[in-house]
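Accompanying notes for the structure given below.
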Amino acid sequence: MQKIKLGYYPGCSLEGSSREYNESVQAIAEKLGIELVSIPDWNCCGATAAHNLNKELSLSLPARNLALAEEAGLKELVVPCAACYSRFTTTQHELMHDETMHQKVNGIIGKEYKGNLRILNVIQFIEEFIIDKLDDNIKFEFNKKVACYYGCLLVRPNKILNFDRTEDPQTMDVVMKKLGADSIDWAYKTECCGAGFSVSFTEAVGRLSGKIVEDADHRGAEALIVACPMCHSNLDMRRPEIDKYNGKKLNIPVLYITQAIGLALGIDRNILGLQRHFVTVKLNDFKPFAKKIEVENLQITEEI
Amino acid sequence: MARIGVFICHCGENISATVDCPKVSEVAAKFPGVVYSIDYKYMCSDPGQSMVVNAIKEHKLTGVVVSACSPRMHEPTFRRACAEAGLNPYLCEMANIREHCSWVHEKGDKTDQKAIDVVRMMVEKVKRNNALMSIKVPVTKTALVIGGGVAGIQAALDIANAGHKVIMVERDPSIGGHMSQLSETFPTLDCSQCILTPRMVEVAQNPNIKLYTYAEVESVEGFVGNFTVKIRKKAKSVDETVCNGCGLCTTKCPNKKIPNEFELGMGKRPAIYVPFPQAVPNIPVIDKINCTYYKTGKCKICEKVCQAKAIRFDQEDEIIEVAVGAIAICTGFDVKKTDFFPEYGYGKYKDIIDGLQFERMASASGPTSGEMRRPSDGQTPKKIVFVACAGSRDPAKGIEYCSKICCMYTAKHAMLYKHKVHDGTAYVFYMDIRAAGKNYDEFTRRGIEEDGAKYIRGRVSKIYERDGKLIVVGADTLMNAETVEIEADMVVLATAGVANPGAEELAQKLHVSYDQHKFFSEAHPKLKPVETNTAGIYLAGACQAPKDIPESVAAASGVAGKISCLFANNELTREPLIAFVDRTAPPEYSSCTGCFLCQPVCPYNAIEREDVKDRNGNLIKQLAYINPGLCQGCGTCVAVCKSKSIDIDGYTNSQMYYEVDALLNS
Amino acid sequence: MSESHNHLVDNSLSGKIKKETGVSVARCYQCGKCSAGCPVSVDMDYPPSLLIRKLQTGLPEHEEQVLRSKSIWFCLSCEMCIARCPMEVDIPPMMDYLRHESIRLKKVNPASKNIISFHKAFLDSIEQTGKLYEMGLIVDYKTRSFNLMQDVMLAPSMFAKGKLSILPEVIKNRRNMKQIFKNTLKNKQK
Amino acid sequence: MEEIKKIAKELLAENKVQLIVGFEKGSANKVRPAFFTKPEEIDQLIYNEYCIHNIALYLKKDICQKANNLAIIANPNVVRSILQLASENQIAEEKIKIIGISFEGKCVGLLDFKAAEEFSKTQPKGIKPEDKALIEKIQAMPLEERFNYWVEAFSPCIKCYACRASCPMCYCGKCNVETNNPQWIPVAPHKYGNLEWHMMRAMHLAGRCINCGECNRSCPVNIPLNILSYMLSDFILDEFDSEAGMNAVFTPALSVYTSVDKENFIK
C-alpha cells in the first residue's frame, strides 16, 4: 500500500485534555497507511479568546500556522479539533477576501501565507482518505444506536465552511452507518454545547450540554458520537453539571468518531484512549463484520 | 437639402434644472441642416405642440428633432403633431435628454455637452429618415385565455359576454384553479366552492366560450390581432363527446391508492378520475403513468363498465391550431412546499403542512370531510401553531417579497380551526399583520378577539419532533425577545406564494417578460398593470404576483375590458418600423447570399424563403424575405446577417452610422 | 442600501459597526428568530434581536446599554443566529466588534469579568508558551477570577486520566509569538 | 492515387458529372488546382502531400456554379467545408459528388452527405502542435495583454484580403468591407482599422469556421488567423456543444438561441 502523507495540526487540546482524540486519529491513520505530518513548531490557534478580544490577533495566530504549513510544503492540512478548524478556515477566508488585512497579518507574523492550503476537518479527512478503505478493514460491526452530534463549528457559518447541511448535517451519520451503526434522527445535532464557557460559566454548559445528552438518551441512543474536543469535554467531563441540570444521572458515553472507527477496525480500546473518558465506555459485544454495508450517499450541499 | 427643426423641452425643471436648454438650442441652431431651433418649458403642452406645427409650415421643415423625454413617453404626441402639419410622422425623432441626461447627471458643462451630442446625433439621424406609411392589419376577434382559475374564468366570461369568442386552455382536467381547493374565503367566510362553481358552469355553458381542459399551449406565433396558437390537447383516454359523466369507471377502477393532486397528497384517487365532484367538465381522465392497463397491458375494467363506451385507450395527444387576436395569461401561482426550510425539518415531519393543505383539511369535500385531523395519526390536534412568513420576506432561504395573502388566510385558518376544535388552542407566529383592505383588519381582529387566536410576534427558529409532538421554538419580540416553546400537535406553515413552475417556459413561448421570481411582468407598474410588453398579450391574477381573489377578479375584468377595446376595431394600425432584405438589379437581385442563418434567429418566425425565377420559371436564386405582417422590428436578423443585406426602416444602417459618426466627430 | 447613500455620515454605534464589520443592523426587521435560536439568550440581559433594536434607535442611552451589556460577553459565537437569520444580519462579527469597543472604552460589564478573565488567562498562556498550558491556565484563571474552589474536584481525576500535564509545552520560536502579541493585542491596549 | 483517377475517369466517362475539381502539376515541384471536364484529361490529375489547399473554395466560383453537377477531390478539410456550405444552403447534395481522401492520403471512395458526416467525425482536427502551444500562451494572458497581443498581431496586415479570398466560408457576393455608404470599416491599413477588419471576419466565421487553416497559409505577413478561428471554435464547442463542418444540416451557435442558453456573459 502506498503511504499517503498529509499535514496535521493537532492543536492544544489534543495534546492535553483531549489526548485520546489525538491517539485515536493517529491510530486509525496508522492502521490505514496514512502518515500525518505535524506542522513544525505550531502554536495555539487562539480559540474563542483571541477573537473575543482582538481581531488581528485572532487572524494572526492561525495565519502563522498556515504559513508554517505552507513553508513545510504541505498541501492538505488535517485539523481534527473543530474549533481550530473553524479558526483556520475563517482566517483563510478573511485573508483571501481582504487584501489589506492579508498584508497586515503577513506583516504581523513576519511570514507570508499564500493561501494554497486545503484545510480538512476530521470528517472531511475521513470522507476523503478513510471511508473507501473501511470495507476491506472493518473487523467488527458497530451495531449500536448512536446520536451523531456535530455542534456549531463544523457546520457554521456555512458560507465560509461550505460543509454539509447547516441544520441537518449527514456526513457523520453516513460514516457511522457504514460502520454498521443505527444513527438516529434527533433534535440537538447542531445545537451549541456551550464550549466557550467550559470553565468560565459552567451553569450554562450544564444547561446546554444537559439538553443534548438528555435528548440523545431519551431517544434511545447508546452513544453520542462527536468530532470536536470542546464538545467531548463538555459532554463527558461536565456530567456532574449535566446531571444536576437534568435532575437524573445519565450514563450514555461520548465517543469521538475516530474512536468508533478504531473500535470497528479492531484497535485496542486503550490505544484509542477510551480509558481516559469520565463516562465509562461499556460498549463491547460487537458483531463480527460480515458484509459490506451499502449507505445511500446523501446530497449534502445546502439547497437554497 | 435637409431643413431640420430642433425643439428643446425644459420639461418644467426636470431637464432645465440640470441642462442649460437655451444653450443647447443655440448650439443646435448652428448644426448643418438645422434651420430652426427653439427651447420651451413644456413642448408636450398644447402651445408647445403648436410651436412644432407652426415651425414645420413656416420653415418648410423636412425633419423634426424633439429633444425631451423618452420616446416611450411622447413620441406618439409629436409624431401626431407633425402629421397634423403635413409632415410624415416618421420624419420626427426624439432626442432623450431627460432619462439619458438630466436625470442621471449633475449640472455642469459636461452634461450640457452630452445633451448637445444627443441632439446632434438625432439631427444626423433624422436627415436620413424616410417617409414611412403605417401598416394596417386585420384583427381576429377571438381571445385566448390561458388558465382556468378564478381570474381566467372572470376574463373569459366578461369577454364572451361582450360578444366575442373565447378559447380557454386549462392544464388540469378541470377548471377552477386554486380557488376550487379553498374551504372558506376571507373576509366574509363564505364557501369558496359555493361562489365559484356557478361561474365554472357558466363557462361550460356559454356558447361564445370553447373550453380545452387537460391542454397546454404548445406554441404562439404572430402578433397583436393575429396570433396563431398551437394547443396540445393531452390524451384523456376518454371520448369527451360520448362520456356522460356517470362516474362508474372511477368507482370501479381497482387502482385507488394514487396520491391525489387536488388534495395535495393528503387524499387518494383512482387511476381514472375526476379531480373533484364539481369539476367542469365532469369528464374523467386516465392517468397513464399509474393506470394498470398502460403499465401492464391488462385490466381495462373501466372500459368494461362504461355504458357509454367512452373509453379510448388508443387516444393520442392532439395538436389544435387556432387563430386569436389577443391572449390573456391567467396561469396563477403556486405555494412553496414545506420542505425547503432546513430548521423546520426539510419536510420530514408529516404534521407540518402548508396553507393549501390546511384548506383541504378544512374543506367539507376534503380528505377528512372538513374535520381537523393531523396527517400522522388522524388525531384531532389540540394545539396548533401557524407560522406566517414561512419563506416570504426571507432573502436568505426563501424570497424577499411579501406574499401578501398569508396574513389574511392565516387569520382565517386560525378562525376555522377554532370553529371546528372548540377546546383547541391556535397560536400564530407573525412579524406584522398586513391586513390592508376593505374589512380585512376587522377580520384579523375578529380572529384574535372573538375566536381567541393567540398571536405571538416573532419568527419560529426551529421545529423538531419529540414523543409525537412538534416542539416549536420561537421568540416573543414584544416580551423582551424571550424564548417561547410550544408543544404542538400540528404546524401550518404559511409558505410563500411563488410563480407557477411552468411560468418561465410559457413566458418564453409568448415572448413576454418576467421578473427574477418568474412572475410575469406588467408593462408599467402603475399605468399599464394588466398589459405585458408584447402588444395583445395581457395578464390577470396571481401569475403576476401573489394576489387574493378580489384583486385577481378585478384584474381579470380589466383584461377583458382591454381586449374588448382591441376587438372594437376591425383593423389595427402598426408602426412600419420593420426589417427588409435589399434588392438590386440582375444578375445579383440582392446581396443576400441565401444562407438563411437569419431564419432561426427571428423570434417572430417572420423570415421566409423567396424564390427568384427567370421568365421560364427556372430557379435562379433563393433569397430571404421578411414578412411585414410578422416582423416586429427587433433587428436581430440585421445583426446576424453577414452580408448586411437586411436593413430596418427607422433604424437603417445609414441612420445608425451617421448617429455614431456625429458623436465621434463632435 | 445603495452606493448613492455612501456620502451619508453615520456617527452612531451602528454606523461604526457597518464601517468596521460591514454588518448593517438596519437590515434587521426584528423577527426575533435569532433570539429564539440563541442558546444563551436566557442568560443575556438583551437577547440578540433586542440588542440590535437598541442599536437601531441610535439613542446614546441605548448604545451605552449595549456596550455595558452582559449579552456581548455571553455570545458563544456558535453562529446559530446567522445560520437562521432571514435577512442575513451577521451577528457574530458584530459581537466581536462590540466586545473590542467595550474593552477599549472601559465599559465592560462587571458580571462578565469571569469570561474576560478566562480569555485573558488563555491568551497569556499562549503569549508565554505559544500553546495552551491547561494546568497553568486553570491556576491563572482562578487567581484572576477569585474562583479558587471551582473545579478542584476535576483536576486530580483529569490528571489521573492523563489529561493534564504539569509542565507546559513550549514552542521554539517564542520571540515570534511575543512579536505577534506586541503587534496586535498589546498595541491596541496602549 | 490510381483509385482516385479511376473514380474520376468513370464519373466523367459515364457522364455522371460535368466537372471535376482537383489538382494538377504546377511549375517546379508545386501543385495547382485544376478543373477537368473530359475523361482523358484525368491523366493530368494528381494527388500528393502538397495538395493541402482547400479547394472547396471553388464551389462558389462561376466555373462550379455553372456546372449542373460536379465532383471534387476532397480531403477532410474540403469535406467539412462542403458540409458547412450545404448547411448554409450554398450547395445541394444532388449537385456534388465527393471523392473522399483521408489526411494520410488514403482514398475512401465516393461519399454521400451521410457518409461525409461520418468521415468528418473520424478525421483529426487540423490543428498543429505548435499552434496548440501558441493558444495556450494566449489563453494564459490576462485580458488586456491578450487584446494587445492581437492588436500587435494584426498590425502588419496590409489588407490584401488573401485570407478572405482563400476562405471557402467567405462567399458573400459583396463583402461588408467593400460597402462604402456608409463605410464602417476603413480601407487603409492601420492598427485599429486592421483590428476592426479581423474582428469582423472572426465574428462572421465564429461557429462556421471548419479550421482548415487556409487563411493562415495564404497570409503574406503570417498573421496567426487560424489560431483566432480555432480559439473561437473551441470556445463554441465548449459552451454550446456545437461544431462546424460535421453535419450537412446545422445551425451555427451564433444564429440560434434557446431558453437554456447561458447568459453568464451579461455582467
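Dipole check for the stretch A:163-266: with +1 at the C-beta of Lys and Arg, -1 at the C-beta of Asp and Glu, and the Cα centre as origin, the magnitude is about 220 Debye. A dipole drawn for chain A from +1 and -1 charges on Cβ atoms has a positive end, and of A:Gln26, A:Gly196, A:Gly206 the residue lying farthest that way is A:Gly206.
Rounded to the nearest whole Hz, the Karplus-based 3J(HN,Hα) values (6.51 cos²θ - 1.76 cosθ + 1.60, θ = phi - 60°) of the stretch A:162-177 follow the sequence 6, 10, 6, 7, 4, 8, 9, x, 10, 4, 5, 4, 4, 4, 5, 5, with x at glycine and proline.
With each label modelled as a point 7 angstrom along the Cα→C-beta vector, the B:Leu619-A:Ile4 pair spans 6.5 nm.
How much net charge surrounds A:Ala27 when only other residues with a Cβ under 15 Å from its Cβ are counted (Lys, Arg +1; Asp, Glu -1)? Mind dumping the intermediate values first?
Details: positive: A:Arg19, A:Lys31, A:Lys133, A:Lys139, A:Arg269, A:Arg276; negative: A:Glu20, A:Glu23, A:Glu30, A:Glu35, A:Asp268.
Local charge sum for A:Ala27: +1.
Beyond 23 Å in Cα-Cα separation lie the following of the pairs B:Lys397/B:Lys509; D:Lys6/D:Lys125; B:Lys252/B:Lys298; A:Lys5/C:Lys178; B:Lys230/B:Lys336: B:Lys397/B:Lys509; D:Lys6/D:Lys125; A:Lys5/C:Lys178; B:Lys230/B:Lys336. Non-local lysine pairs in the stretch C:3-108, meaning eight or more places apart or on different chains, with alpha-carbon distances under 17 Å, amount to 8.
Straight distance only, please: which aspartates and glutamates reach the Cα of C:Lys163 with their own Cα at less than 17 Å, same-chain residues fewer than 8 apart left out? The reachable aspartates and glutamates, counting only those whose Cα sits under 17 Å from C:Lys163, are A:Glu15, A:Glu20, A:Glu23, A:Asp236, C:Glu134, C:Asp151.
Screening chain B for DSSP H helices whose Cα atoms reach 15 Å or more along their own axis and whose mean Kyte hydropathy is at least 0.0 gives B:150-161, B:192-205, B:549-567.
Can you work out the FRET efficiency for the pair B:Met1 and B:Met73, with r the C-beta to C-beta distance and R0 = 22 Å, to the nearest 0.05? Can you show the working numbers first?
Working: r = 31 Å, r/R0 = 1.43.
The formula returns an efficiency of 0.10 here.
Database remark: amide H of D:Ala71 closer than 5 angstrom to the amide H of D:Leu19, D:Ile20, D:Val21, D:Lys97 (H placed geometrically; neighbours at sequence offset of 5 or more, or on other chains; Pro and chain starts carry no H).
Taken one residue at a time, the phi angles of the stretch B:389-397 give Karplus couplings (6.51, -1.76, 1.60, θ = phi - 60°) of 6, 7, x, 7, 6, 9, x, 5, 10 Hz. Gly and Pro are set to x. Once backbone amide H atoms are built at 1.01 Å from N, B:Ile456 has B:Val428, B:Phe429, B:Tyr430 as its partners under 5 Å, excluding neighbours fewer than 5 places away on the same chain. Between B:Lys252 and B:Glu318, what FRET efficiency follows from the Cβ-Cβ distance if R0 is 35 Å, with the result rounded to 0.05? Once rounded, the FRET efficiency stands at 0.85.
Peptide D:81-89 has a mean shielding of 2, counted as Cβ atoms of other protein chains within 10 Å of each residue's Cβ. Ligands, DNA and RNA left out, the 1.4 Å accessible surface of the stretch B:248-305 is 60% carbon and sulfur atoms.
Can you compute the charge dipole magnitude of the stretch C:111-189 about its Cα centre, using +1 on each Lys and Arg Cβ and -1 on each Asp and Glu Cβ, nothing else charged? Give it in debye, rounded to the nearest 20.
Values: 14 positive and 6 negative charges, 79 e Å.
Computed about the Cα centre, the dipole is about 380 debye.
For the options D:Phe147, D:Phe36, D:Phe240, a Gaussian network treatment of chain D with springs between C-alpha atoms closer than 10 Å singles out D:Phe147 as fluctuating the most.
For the stretch B:77-188, lysine pairs separated by 8 or more sequence positions, or belonging to different chains, with Cα-Cα distances below 28 Å total 9. Overall, chain D carries a charge dipole of about 660 debye about its Cα centre when +1 sits on the Cβ of Lys and Arg and -1 on the Cβ of Asp and Glu, all other atoms neutral.
The modelled label-to-label distance between B:Glu202 and B:Leu132, using points 7 Å beyond Cα along the C-beta direction, is 4.3 nm.
For chain B, what does the helix formula give at 222 nm: sum of -39500 (n - 2.57) over DSSP H segments with n ≥ 4, over the residue count, nearest 500 deg cm²/dmol? Intermediate values should be presented prior to the final figure.
Details: 16 runs with 174 residues, N = 666.
Computed ellipticity for chain B at 222 nm equals -8000 deg cm²/dmol.
When the charge dipole of chain B is built from unit charges on Cβ atoms (+1 for Lys and Arg, -1 for Asp and Glu) and taken about the Cα centre, the candidate among B:Phe358, B:Ala151, B:Asn255 whose Cα reaches farthest toward its positive end is B:Asn255.
Close amide H pairs (under 5 Å, H built 1.01 Å from N) link B:Met168 with B:Val145, B:Lys210, B:Leu211, B:Tyr212, residues at least 5 positions away or on another chain. Between their Cα atoms, which of A:Lys159/C:Lys186; A:Lys55/C:Lys131; A:Lys189/B:Lys518 are more than 30 Å away from each other? Check vs 30 Å cut-off fails for A:Lys159/C:Lys186; A:Lys189/B:Lys518. Would the stretch A:151-304 count as rounded, prolate or oblate if I go by the C-alpha gyration tensor, calling it rounded below 1.5 in a/c and otherwise prolate when a/b exceeds b/c, oblate otherwise? Oblate.
Between 0 and 90 degrees, the angle of helix A:82-97 with respect to the longest Cα principal axis of chain A falls at about 30 degrees. Each of the peptides B:308-315, B:71-78, B:408-415 was scored by the mean count of other Cβ atoms within 10 Å over its residues; in descending order, highest first, they stand as B:408-415, B:71-78, B:308-315.
Projecting the Cα positions of A:Leu161, A:Pro253, A:Leu59 onto the charge dipole of chain A (unit charges on Cβ atoms of Lys, Arg, Asp and Glu, taken about the Cα centre) puts A:Pro253 furthest along the positive direction. Per residue of peptide C:81-92, the mean number of Cβ atoms on other chains within 10 Å of the residue Cβ is 6.
Coupling constants for the stretch C:38-44 follow from the phi torsions by the Karplus curve (6.51 cos²θ - 1.76 cosθ + 1.60, θ = phi - 60°), and in residue order they are 5, x, 10, 4, 5, 7, 7 Hz; glycine and proline get x. Partner shielding of A:193-205 amounts to 6, given as the average count of beta-carbon atoms from other chains within 10 Å of each residue beta-carbon. Measuring r between the beta carbons of A:Asn284 and D:Thr122 and using R0 = 51 Å, the FRET efficiency lands at 0.20.
Under the rule a/c < 1.5 gives rounded, and otherwise a/b versus b/c splits prolate from oblate, where does the stretch D:129-255 land using the Cα gyration tensor? Mind showing how you got there, number by number?
Values: a/c = 1.62, a/b = 1.11, b/c = 1.45.
Here the stretch D:129-255 falls in the oblate category.
When a/c is below 1.5 the answer is rounded, else prolate if a/b is larger than b/c, else oblate, so apply that to the stretch B:346-456 with a ≥ b ≥ c taken from the square roots of the Cα gyration tensor eigenvalues. The shape class here is oblate. For chain D, the membrane-span-like helix rule (DSSP H, alpha carbon extent of at least 18 Å along the helix axis, mean Kyte-Doolittle at least -1.0) picks out D:191-205, D:225-240; this says nothing about an actual membrane.
Considering only A:Thr280, A:Thr89, A:Thr258, the Gaussian network model of chain A with Cα springs below 10 Å gives its largest mean-square fluctuation to A:Thr280.
What order, most packed first, do the peptides A:158-167, C:126-135, B:244-253 have when packing is the mean number of other Cβ atoms within 10 Å of each residue?
Working: A:158-167: 19.5, C:126-135: 21.8, B:244-253: 16.7.
In descending order of packing, they fall as C:126-135, A:158-167, B:244-253.
Peptides D:246-254, B:553-561 ranked from most to least packed, by the mean per-residue count of other Cβ atoms within 10 Å: B:553-561, D:246-254.
The values are calculated or read from the model by the stated rules, or taken from the named source; none is laboratory data. Predicted model, so just to flag it, every value in this text is computed and none were measured. FYI the Cβ positions are ideal-geometry reconstructions off the backbone, even for glycines, and counts take in every protein chain you see. The accessibility values were calculated without ligands, DNA or RNA, using every heavy atom of the protein model including side chains. Shrake-Rupley method; radii C 1.70, N 1.55, O 1.52, S 1.80 Å.
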